Structures are given as C-alpha cells and as structure tokens.
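Okay, structure first, notes after.
The values are calculated or read from the model by the stated rules, or taken from the named source; none is laboratory data. These numbers come from a predicted model, not from an experiment. Heads up, the Cβs are rebuilt from the backbone with ideal geometry, glycines too, and the neighbour counts pull from every protein chain shown. Please note that ligands, DNA and RNA were not included when accessible areas were found on the heavy atoms of the full protein model with its side chains. Shrake-Rupley method; radii C 1.70, N 1.55, O 1.52, S 1.80 Å.
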Amino acid sequence: MSQARDLLTLLLYNAPTQELPPNVTIPPGSLTASNVSKPPPIQSVQTFNTQLVIGGKDLALRKAASLFKAAADRMEKGRASSEAYWVDALKIRKDNWGLIPAPLPPGSATGKGADRSSKDFLISFGLEESPPVFRRRAIACIPYIRSGGGILEFPGRQHNRLQVSILSTDEHGQKHTARNYWNHGEERSGDASLRAAQAEVVQQEIFAMLIREASNFPTASARVSERLVAVEATENMDLRFELVDNDLSNDDASSSSVHQATCDSIFAALHLLLLRAHSFLKSKRLGRVGIAHTLAPGPDSIPPPILQPVIDMLQYQAFCDRVYQEIDKVVQALHRAGVPTKVHLREIGESGAQLVSLLQNDDQIKVGGECLLRIEQRHTMRFTFNSPSTLIAHLPQATLPIATIFQLSQLLVDEVTGCLLQRICDIGTELSEHVQGSWFVDHLAGRSVGRWEGQVLNFEISSLGVGAVHCTAAFLSRSTGPSKNISEVTESYNSEKAQRPLLDWARDIIHAALPHT
C-alpha cells in the first residue's frame, strides 16, 4: 500500500520542474518491469468450451429452422384454406344460392373518399318476400378456419322445425295421435346444410303466420302459445302446429296411415300457401304507384291466409264423412233387404291442374264433389258438396239445399221409401193386370195401395234409417155375404230376420192376395 501511495504521488508530480515533497522518498529498485502471460488452458476445459459454443449455435439454428418451418406450414394451411374457401364458394354459387356482400368490419373507415368496398361475402338463403327478421336469420358464411362442425356457419340458426299433428277420438272413445313424417338427413355438403337451414327458416315463418291468424280465427276455437298453436278443427279432431327440435323423433306417434297422410298433406300445403302469400305481396309491391299508396296500403294489401284453407279442408273432409255415414246407413239397410244399391262418392271433383290453379289465385279456395246413389238401376239420387259444409240435393222434382244432417237423413228416408213403394206398385201392377188392379203411392200416408174387386192391399215401410227395413202388408177384403164384413190380414217383414229379399216377399204377398182363376 505504501508503494502504491508513493507511485501515485510520483505520477501526480510528473512535471520536470516540480519537486517531490520532502517526506516522499522512493526506495531504490522499487520500480521494476515484469512480463505476465496467460497460462495455457486445460485441454478438457477448452474442448468443453468449444462444444458449448457449437451447441449454442446449433440450437439457435434449429430454433430458426423450426420458426421458418412453422411459418411455411401456416402459409400452406392458409393457401389450402383459401383455396377450399373459394372452391366451396363456387360450388354454392353453382347450386344457385344467393351471394351478397358482407358488411364492413367494425372500425372501418366510412368517411368521404374511404374505400367502402366489401372484402367478403355472405350466403342469403331466405325467401324474397319474407319479413326482415327472417331474412336476417337466413344468413350463412364460409369460415376461413374450420373447427370440424361443417363447411358453413349459421349465426342465426335455431335448429327448430314445424311439426303438424292431429289428435282424434274414434267412435269407441280411444284417442289417436298422428304426426307428419320428417326425414332429418345428414348435412354432409354445403348444399344440404343450406337446404336444411332454409327449411327451418321457412317453417318458422309459417309458424309465425299461424300464430298471427289463429289469434283472430273466426270459424274455430284456437289456443296460442310461444311454441304451440292448437285449433279445434272438428268435433273429434284437434289440429296442432308446434315448433320442436330437429333431433326430436316422431316414432312414438300411434295412428292410422290416413291421419299421417293428412298431416303430410297439410305440411306440404302450408308451404304452397306461404308461396301464394309471397306472390300476392310481390305483385302488390311491384304494382304500387306513388308514395301515398305505399305509405297507406289499406286492406287490399293483406296477404291471403294460410290457416283458413287448411281448417276449411279438414271441416270439409269431416262433413263429407258425416254425409257418407248417413248415406251408408240407408245403403246397408237396402243391402240387408236384398235391394241392389250402388254408391259413387267423389269428395274432390277438381283435377290436379284445377287444384294447382286454385292455389295460384288470391281468392278463397273452394272445392266440391258429388255423390250418386242408384237404387235397383231405376232411381238415382245426386248430391253435390262445396267446401266447407254446403250440401245440395238434386232430385227429379226439385233442387234442395240441405242445412242439417237431420234434414239429410229425413230426405234419404223419404226418397228411398218412395222408391221402394213405387217399385212395389210396379210389381203389383204387373201381377194384377188380369184383374185390372190399380196401384198408386200415397205420399202423405207413406204407403203403396193396390185395389181390385173390392179388395185393398197396403204396403208400409218404416225404420229405414236405423240400418234395417221393416215393411208391413195389410190386406183388406170384403166378404160376399149379406153382412159384407171387412176382414184384415197383416204380415210383417224385417230385413234383419228375413231370409229373402224385400221385393220377393212383396211379390209373394201380392200373388197370394190376388184371386186365382
């Protein structure tokens, strides 16, 4: 330390004219020079250091190579994704789906002179005349990065479908349920996914229109909730429209194939009626002239209903079934009595082309049919139907509108009874020709009367509308003695117990009552 202090003092006073302080003395031989060299490294240490340097450079090179490889993989994936994106877009465009410009992303410049051209597109699969809420829901896009859920994304898809069901009660009091058939296929392609999503949006629009119409339905009682519309279509039939999940199966429905076919027909008809309403709205939109008419459309711009025609058809079907039941009672009674009878029922008289034209018109849909009842190839009764519940009887003497089932039943009994009585009169006229007998039908009393040589034979038919024919024959004869007493012989015929036809029985009664020469 003393030598260092003296050396520092010497260096500070290194000027030639400056003298050292008297108390500083430099011992002789203290300032000497020495050579210092670095000791040679140890061989193992030098080798280890070299390996560290080389290893560090190799790690850096590997990391750089891995970085470049990851960047190349990302670029290749981006290229493949972009290629697949446009390939899918071209396929969708080839399948005639609409492509619309996508809105600008949030934060884009929208001022004057800014580039506001869209950099992407969306797929619009909604109907042209649908309300805006359903058109916004019918939007799909092709994602750049696919997560395995499909080639398309549907931001507004709710995965709900419309289910049509019929709840009916038969004559035994048992309840049956029928639903429309729904085939939820796999969405393996973009076209299949778009079709499935479009079907869901269309069915949701149909359900929205059903809710709006069922709230003020005039001809049937209806219950409306958020996902259910129930309408009491007929006395023993309820029609239900419900929004259900796509995954819901309808295998638990237990009913006849006829009711399931009815549900399928209603499901298909609702789509046609929706297109008819859209066609009406489009024609009104294209035909508007002037701002005043656009702002005040008036009642003429209300689209045709879609629920009313369906209920009218169900009521018309129930009406035709009820009419046929009344006619069939009489026919079965005549068959038991051995009277040949034929029935030809045609509920829908229009052809397929006429039905399609009815759907294309904006007027109320009306269909009609007819029923022909022919008894023993002699007497014919014709009835015509018009939806929903109009019945007209075309008789030889008049054309009568029928308002109630009781009126129809009474008309059938009167006409068929008159036909049978007239047929008995024809048989009596043929058999009593040799005695110059006279036969006629007394419509007021409801019987046929035959007279010859002071003798009277009456035939009266009763209980025709209950599935059986009851006939009573009364023979009145006057004795030839001075007292001239009148005797009466009565015989009855019941088709449920008789072993021969009614007309053969009447022929035998007339033949036995006539005098034999």
Residue under evaluation Asn386, criteria (1) in contact with a Gly (Cβ under 9 Å, 6 or more places away or on another chain); (2) modelled with pLDDT of 90 or more; (3) open to solvent by 60 Å² or more (accessible area, probe 1.4 Å), criterion not met: (2)
Set Gly428, Gly454: member being touching a Gly at 6+ places or on another chain (Cβ under 6 Å) and not acidic (Asp, Glu): Gly428
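This table checks each residue for (1) at pLDDT 90 or above; (2) among the acidic types (Asp, Glu); (3) surrounded by fewer than 14 Cβ atoms within 10 Å (Cβ to Cβ).
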residue: Leu270; (1), (2), (3): yes, no, no
residue: Ala292; (1), (2), (3): no, no, yes
residue: Pro304; (1), (2), (3): no, no, no
residue: Gln308; (1), (2), (3): no, no, no
residue: Ser351; (1), (2), (3): no, no, yes
Pro401 being free of Cβ contacts under 8 Å to residues at least 24 places away in the same chain, assigned to a loop (DSSP other than H, G, I, E, B) and farther than 18 Å from Leu334 by Cβ: no
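Per-residue answers, yes or no, for (1) open to solvent by less than 100 Å² (accessible area, probe 1.4 Å); (2) modelled with pLDDT of 80 or more:
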residue: Ser30; (1), (2): yes, no
residue: Pro40; (1), (2): no, no
residue: Gly56; (1), (2): yes, no
residue: Leu61; (1), (2): no, yes
residue: Lys77; (1), (2): no, yes
Test result for Ser432, touching a residue at least 24 places away in the same chain (Cβ under 8 Å) and under 23 Å from Ala337 (Cα atoms): no
Selection within segment 56-96 - among the hydroxyl-bearing types (Ser, Thr, Tyr) and either under 20 Å from Leu152 (Cβ atoms) or not in a helix (DSSP H, G or I) (or both): Ser81, Ser82, Tyr85
Condition broken by Ala393, with the remaining ones in (1) small (Gly, Ala, Ser); (2) under 30 Å from Ala261 (Cβ atoms); (3) open to solvent by less than 30 Å² (accessible area, probe 1.4 Å) satisfied: (2)
Residue in segment 359-373 that is within 30 Å of Leu514 (Cβ to Cβ), among the acidic types (Asp, Glu) and open to solvent by 20 Å² or more (accessible area, probe 1.4 Å) present: no
Selected residue (criterion: surrounded by the fewest Cβ atoms within 10 Å (Cβ to Cβ)) from residues of segment 156-178 that are touching a residue at least 40 places away in the same chain (Cβ under 8 Å) and more than 26 Å from Gln325 (Cα to Cα): His159
Residue list for segment 316-367, filter: touching a Pro at 6+ places or on another chain (Cβ under 6 Å) and assigned to a helix (DSSP H, G or I): Tyr316
Output for segment 272-290, where each listed residue is within 26 Å of Leu355 (Cβ to Cβ) and modelled with pLDDT under 65: none
